[in-house]
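Single-structure report; data block below.
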Amino acid sequence: MAKSPEEVHPEKAFGWAARDSSGVLSPFKFSRRATGEKDIRFKVLYCGVCHSDLHLAKSEWEDFSIYPLVPGHEIVGVVTEVGSKVNKVKVGDKVGVGCLVGACHSCDDCNSDLESYCTKMILTYSTIYHDGTVTYGGYSDTMIADERYVVRFPENLPLDAGAPLLCAGITVYSPLKYYGLAEAGKHIGVVGLGGLGHVAVKFAKAFGAKVTVISTSSSKKDEALEHLGADSFLVSRDQEEMQAAQGTLDGIIDTISAVHSLLPLIGLLKTHGKLVMVGAPEKPLELPVFPLLIGRKMVAGSATGGMKEIQEMLDFAAKHNITADVEVIPMEYVNTAFERLAKGDVRYRFVIDIGNTLAATEP
């Protein structure tokens, strides 16, 4: 007979889990493995709420969701135990775990510090680990991971506002770097001013770029220009504005996860311009090829970065005082937060105060 989640491993754990595709979370007792020689165990203090958490809790991405499902891959806390061969951190250090907790470590991608592109990568939650058990995420009191997948959290980076950088931050930092857009003097467009978009603006500005925010309405114009420091703002539904901006951008980071037209965005690019998709619409988008040919333009994609780049990104964020704009919530508020997230009602990232509010929900 299969063991219950509480009995699979020796270390008791407690969190909140979705039991089915309703996506409703509730208290959940489970277990985590004993600390191996290369493992780092830490007490979770904060965990960001990513849109992926909502998609997976509701099983909106086919074949990905394994129930009971404990979400959370923007996890930060303090080390409580390290394995005998761990040199990276010590007990008491601040650390984080992002989207990954494993990969094959033998393919070209892993050998190039691109674990996030390994075909055998193991996600932080709702995936089968090397030992055949299910991974559980950061909406929980304790976390354990191989040291390769644990990053050091810079001392001057606040844990709550820094947590979302482990997913949202690296998701925009990585393409800016890879596609040659992280250079002073470049003109970068950011489509969508949500959890990813607002951090993209901050990183692009820190790289010395000129930044234009592109949105469907002017409702976020003041926020983009005055609070986030963007240089200009385009309303994508305003034909005159879009026409005037044709051919002005070196690159665009498109964070939109809903179906939308790419043609107007391609028109904004200079010759050799790059439209980089980091949002994940549920249905295929229409790709107009002719505008790509006549401008030698590129439509590309990018996922989260490898572990080396995530550490680099965090250190860069600490140096330039880049954090996410967050709304810190108690654990019991998470279902309401999911409802608000589905409506886009958050500025710009929910972060759960695990350390101060999770224990009170334990039955």
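The values are calculated or read from the model by the stated rules, or taken from the named source; none is laboratory data. Since this is a predicted model, take the numbers as computed values, not measurements. Here the Cβ is made from the backbone with ideal geometry for all residues, glycine too, and neighbour counts use every protein chain on show. Side chains included, ligands, DNA and RNA excluded: accessible areas come from the protein's heavy atoms. Shrake-Rupley method; radii C 1.70, N 1.55, O 1.52, S 1.80 Å.
Restricting attention to the range 1-27, the residues that are touching a residue at least 60 places away in the same chain (Cβ under 8 Å) and in a strand (DSSP E or B) add up to 8.
Within the range 51-67, restricting attention to residues that are of a type in the set (S, T, Y) and farther than 17 Å from P164 by Cα, which residue is least open to solvent (accessible area, probe 1.4 Å)? Step through it out loud before you land on a result.
First, pick out the residues of the range 51-67 that are of a type in the set (S, T, Y): 52, 59, 65, 67.
Add one more test, that the residue is farther than 17 Å from P164 by Cα, and what stays is 59, 65, 67.
Details: S59: 50, S65: 26, Y67: 72 Å².
Step by step, filter the range 51-67, then rank; the result is S65.
A360 meets all of the listed conditions (1) over 15 Å from I170 (Cβ atoms); (2) surrounded by 15 or more Cβ atoms within 10 Å (Cβ to Cβ); (3) among the aliphatic types (A, V, I, L, M) but one, namely (2). Residues of the range 292-301 that are of a type outside the set (D, E, K, R), open to solvent by 20 Å² or more (accessible area, probe 1.4 Å) and in contact (Cβ under 8 Å) with a residue 24 or more places away in the chain: L292, M298, V299, G301. For C104, the criteria (1) in contact (Cβ under 8 Å) with a residue 24 or more places away in the chain; (2) open to solvent by 10 Å² or more (accessible area, probe 1.4 Å); (3) over 12 Å from G138 (Cα atoms); (4) in contact with a helix residue (DSSP H, G or I) (Cβ under 8 Å, 6 or more places away or on another chain) hold in every case but one, which is (1).
Looking only at residues of the range 337-363 that are touching a strand residue (DSSP E or B) at 6+ places or on another chain (Cβ under 9 Å) and part of a loop (DSSP other than H, G, I, E, B), we find that the one that is modelled with the highest pLDDT is L358. Taken over the range 99-154, the residue count meeting the criterion of being under 16 Å from the mean Cα position of the chain (by Cα) and not in a loop (DSSP other than H, G, I, E, B) is 9.
Only residues that are assigned to a loop (DSSP other than H, G, I, E, B) and open to solvent by 70 Å² or more (accessible area, probe 1.4 Å): list them for the range 68-87, please. It would help to see each step written out before you state the result.
From the range 68-87, those assigned to a loop (DSSP other than H, G, I, E, B) are 68, 70-74, 83-87; that's our starting set.
Those that are assigned to a loop (DSSP other than H, G, I, E, B) and open to solvent by 70 Å² or more (accessible area, probe 1.4 Å): S84, K85, N87.
Restricted to the range 23-50, and to residues there that are of a type outside the set (K, R) and open to solvent by 60 Å² or more (accessible area, probe 1.4 Å), the residue that is farthest from M143 (Cα to Cα) is V24. For G185, the requirement of being among the small types (G, A, S), under 19 Å from L275 (Cα atoms), surrounded by 21 or more Cβ atoms within 10 Å (Cβ to Cβ) and modelled with pLDDT of 95 or more is not met.
When the residues of the range 2-49 are narrowed to those that are among the hydrophobic types (A, V, I, L, M, F, W, C) and modelled with pLDDT under 95, which ends up farthest from Y149 (Cα to Cα)? Give the steps one after another, and end with the answer.
From the range 2-49, those among the hydrophobic types (A, V, I, L, M, F, W, C) are 2, 8, 13-14, 16-18, 24-25, 28, 30, 34, 40, 42, 44-45, 47, 49; that's our starting set.
Checking the rest, the ones that are also modelled with pLDDT under 95 come to 2, 8.
Details: A2: 29, V8: 22 Å.
My answer is A2.
Residue count for the range 299-336 satisfying the condition of being part of a helix (DSSP H, G or I), of a type outside the set (F, W, Y) and either within 19 Å of G162 (Cβ to Cβ) or in contact with a Ser or Thr (Cβ under 6 Å, 6 or more places away or on another chain) (or both): 14. Of everything in the range 88-98 that is assigned to a loop (DSSP other than H, G, I, E, B) and buried (at least 16 other Cβ atoms within 10 Å of the Cβ), the residue that is nearest to the chain's Cα centre (by Cα) is G98.
How many of the residues making up the range 121-144 are farther than 19 Å from E74 by Cβ and among the β-branched types (V, I, T)? So the answer is 3.
Taking L265 as the residue in question, decide whether it is surrounded by 14 or more Cβ atoms within 10 Å (Cβ to Cβ), among the hydrophobic types (A, V, I, L, M, F, W, C) and out of contact with any strand residue (DSSP E or B) (no Cβ under 7 Å at 6 or more places or on another chain). Walk me through it before giving the result.
Working: surrounded by 14 or more Cβ atoms within 10 Å (Cβ to Cβ): yes; among the hydrophobic types (A, V, I, L, M, F, W, C): yes; out of contact with any strand residue (DSSP E or B) (no Cβ under 7 Å at 6 or more places or on another chain): no.
For L265, the condition - surrounded by 14 or more Cβ atoms within 10 Å (Cβ to Cβ), among the hydrophobic types (A, V, I, L, M, F, W, C) and out of contact with any strand residue (DSSP E or B) (no Cβ under 7 Å at 6 or more places or on another chain) - is not met.
Can you tell me which residues in the range 126-143 are touching a strand residue (DSSP E or B) at 6+ places or on another chain (Cβ under 7 Å) and either polar (S, T, N, Q) or open to solvent by 10 Å² or more (accessible area, probe 1.4 Å) (or both)? Selection gives S126, I128, Y129, H130, V134, T135, Y136, S140, D141, T142.
Mind telling me which of the residues E147, E115 ends up being buried (at least 24 other Cβ atoms within 10 Å of the Cβ) and modelled with pLDDT of 95 or more?
Details: E147 fails: buried (at least 24 other Cβ atoms within 10 Å of the Cβ).
Criteria check complete, one pass: E115.
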